[in-house]
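These notes concern the structure reproduced below.
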Amino acid sequence: MVSSTALLEHEDWIAARRRKVTAPDGALSLVLTHWSPAGQPPVDEREARAGHPDDALFTRLQRADLDSSDHNSADQNSAGQNSAGQNSGLTQEGYRIWRQDSPAQQAFEEIEYYDYDPEWVLPGRFELVDEERVVPFEHIKDAGATRGLPVSGDLVFEVEGTEYRLNAFDTVYGGHAKLQLVFGDRTNGAESYGAGRFLFLDHPASDRALAPGDSIPITIDFNRATVPPCGFSNQMNCPLPPLQNRLPFPIRAGEKRVRFADGFTL
């Protein structure tokens, strides 16, 4: 039986998600991501804003150039967050334009969800592997190239007696240290967003010192799985699930996909 408290909390989370994606700086508002050639200075804001209304938002971002780096750097804000990485090459300067009159905002109807299922609230653990570990993640717009993301540990849990170990990278979300899980499962494409989904968890090692091999209990609630920002805007460059994060069973929990008005495509 599902507790009324859990259902109310889940409904509050759904409402908060809608507010976030439809906000002035929400993924639905993103109409342009521009990257300057590697090593070139940032584009002047006045030039970048040309042709856009005065109330459009302008933000800057950076990333390592794939052609000149060791690929150990993520786009800053590539997944809608800030992901720190390391690189030894040139930097690309970029900017984004956000408009609440965007075509995606106008066509957006809702995010489709699975019913809340307490069976997908799983006990697990976070195992610190190496604070300096960087794992290559392919991004949707990088034509098969990879960008290294900092993965300090693994999420470990069991489903039907089988243990699974997934890479979750370190990020900052809403000003707080988080683990971001990019995962795939058997619902992708048929029922849920085809490129996989995200799950954000409070970073369990953010308030204590750990040594490699240490582990901390953590609750993994797949009812909070989300459609990546690239499901709301084609101007996002989202990481894709690595092979080790592609689960061989369906997870019917969390967000399924974004529904737009008939005839609209990103």
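The values are calculated or read from the model by the stated rules, or taken from the named source; none is laboratory data. Just so you know, these numbers come straight off a predicted model, no measurement behind them. Ideal geometry is used to build each Cβ from the backbone, glycine not excepted, and the neighbour counts take in all protein chains shown.
Odds and ends about this structure:
- Matching residues in the range 120-142 - criterion: being free of Cβ contacts under 8 Å to residues at least 60 places away in the same chain and surrounded by fewer than 18 Cβ atoms within 10 Å (Cβ to Cβ): Glu132
- Flag for Gly148 being small (Gly, Ala, Ser) and either assigned to a strand (DSSP E or B) or at pLDDT 90 or above (or both): yes
- The set of residues in the range 151-167 being of a type in the set (A, V, I, L, M), in contact with a Lys or Arg (Cβ under 9 Å, 6 or more places away or on another chain) and part of a strand (DSSP E or B) consists of Leu155, Val156.
- Any hit, the range 208-219, residues being buried (at least 19 other Cβ atoms within 10 Å of the Cβ), modelled with pLDDT of 90 or more and in a loop (DSSP other than H, G, I, E, B): no
- For Leu166, the test of being buried (at least 16 other Cβ atoms within 10 Å of the Cβ), within 20 Å of Pro250 (Cβ to Cβ) and touching a strand residue (DSSP E or B) at 6+ places or on another chain (Cβ under 9 Å) is passed.
- The range 90-115, residues that are among the aromatic types (Phe, Trp, Tyr) and surrounded by fewer than 20 Cβ atoms within 10 Å (Cβ to Cβ): Tyr113, Tyr114
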